[in-house]
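Reviewing the structure listed below.
Rule-based calculations on the coordinates, nothing more; no lab input. This structure is a prediction, so every number in the text was calculated from the model and none was measured. FYI the Cβ positions are ideal-geometry reconstructions off the backbone, even for glycines, and counts take in every protein chain you see.
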Amino acid sequence: MTHPAHHDKDRYAMVIGGAGAVLGAVLLAAGGLAQADRSGAFEGTVERVWDDGFRLNAGSRQVTVDAYDLCGDFTHRHVAAGDRLKITGEFDGGELDVFTMVREDGGKVCG
């Protein structure tokens, strides 16, 4: 005959194991969403500029843009606060690595 405490341990292990599986599934799904949300296109007004990037106010979202691949350390020579831009890129570490930057008049920035 099995001692009742052994049954409780088995039930506890099943609950913990089941919770782990659910948590794993949630994290996996969140990772998939993060992957799907890694790239994007934004349009907005430049708020602040530094050597290799800028912050874009895209209405409901503030986007920190890494423009090094297009402008090197000279973003501030091509982009100014108040500029309206359309940009595309991919998020990496909380910043958008920009692929394209286009002004309202259709002119490319640093391209």
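Kindly provide the set of residues from region 61-109 that are in a loop (DSSP other than H, G, I, E, B), touching a Ser or Thr at 6+ places or on another chain (Cβ under 8 Å) and surrounded by fewer than 17 Cβ atoms within 10 Å (Cβ to Cβ), ordered by number. Outline the logic, then answer.
Quick first cut of region 61-109, residues in a loop (DSSP other than H, G, I, E, B) only: 61, 67, 72-74, 79-83, 93-94, 104-107, 109.
Then drop every residue that is not touching a Ser or Thr at 6+ places or on another chain (Cβ under 8 Å), which leaves 67, 82-83, 94.
The answer is 82, 94.
Does region 42-54 hold any residues that are of a type outside the set (A, V, I, L, M, F, W, C) and buried (at least 17 other Cβ atoms within 10 Å of the Cβ), and which are they?
Residues of region 42-54 that are of a type outside the set (A, V, I, L, M, F, W, C), as a first pass: 43-45, 47-48, 51-53.
Answer for region 42-54, where residues must be of a type outside the set (A, V, I, L, M, F, W, C) and buried (at least 17 other Cβ atoms within 10 Å of the Cβ): 44, 52, 53.
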Inset, instruction - Sort out which residues of region 39-59 are under 17 Å from the mean Cα position of the chain (by Cα) and more than 10 Å from residue 84 (Cα to Cα), and write them in order of number. - result: 39, 40, 41, 42, 53, 54, 55, 59
